[in-house]
Amino acid sequence: MANTIDKLRDDFRDNTNLVASRMDRILAQITATSDNTASPETLADLQALSAHLKELGTDPNNPVPALPPA
């Protein structure tokens, strides 16, 4: 049973890391364009969400940490 739970946690972590990587690429594209209309607050919020996705599943004792404040 533990192997199944560990695999599920690992698969979940890997998937959320892929989503976070895509978010990071989109953020880089937004900040690289000269017509960037995203506010610094929006960019910071997206970066915080990306970091949160990367945290999911990394700590076996706290696999789903609290969301960062909005």
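The values are calculated or read from the model by the stated rules, or taken from the named source; none is laboratory data. Nothing here was measured: the structure is a model prediction, and the numbers come from that model. Every residue, glycine as well, gets a Cβ built from its backbone with ideal geometry; the counts of neighbours run over all protein chains shown. Surface areas here come from the heavy atoms of the whole protein model, side chains and all, with no ligands, DNA or RNA. Shrake-Rupley method; radii C 1.70, N 1.55, O 1.52, S 1.80 Å.
Figures for the structure shown
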{"read-out": "Pair list, Cβ < 6 Å and 6+ apart or interchain, from segment 50-63 residues that are within 12 Å of Asp6 (Cα to Cα) to residues that are open to solvent by 80 Å² or more (accessible area, probe 1.4 Å)", "value": "Gly57/Phe12"}
{"read-out": "Residue tally, condition under 17 Å from Pro65 (Cβ atoms) and among the hydroxyl-bearing types (Ser, Thr, Tyr), over segment 1-50", "value": "2"}
{"read-out": "Residues that are open to solvent by 50 Å² or more (accessible area, probe 1.4 Å), closer than 17 Å to Asp11 by Cα and outside any helix (DSSP H, G or I), drawn from segment 31-58", "value": "Thr58"}
{"read-out": "The one condition in (1) modelled with pLDDT of 85 or more; (2) of a type outside the set (D, E, K, R); (3) open to solvent by less than 100 Å² (accessible area, probe 1.4 Å) that Leu18 fails to fulfil", "value": "(3)"}
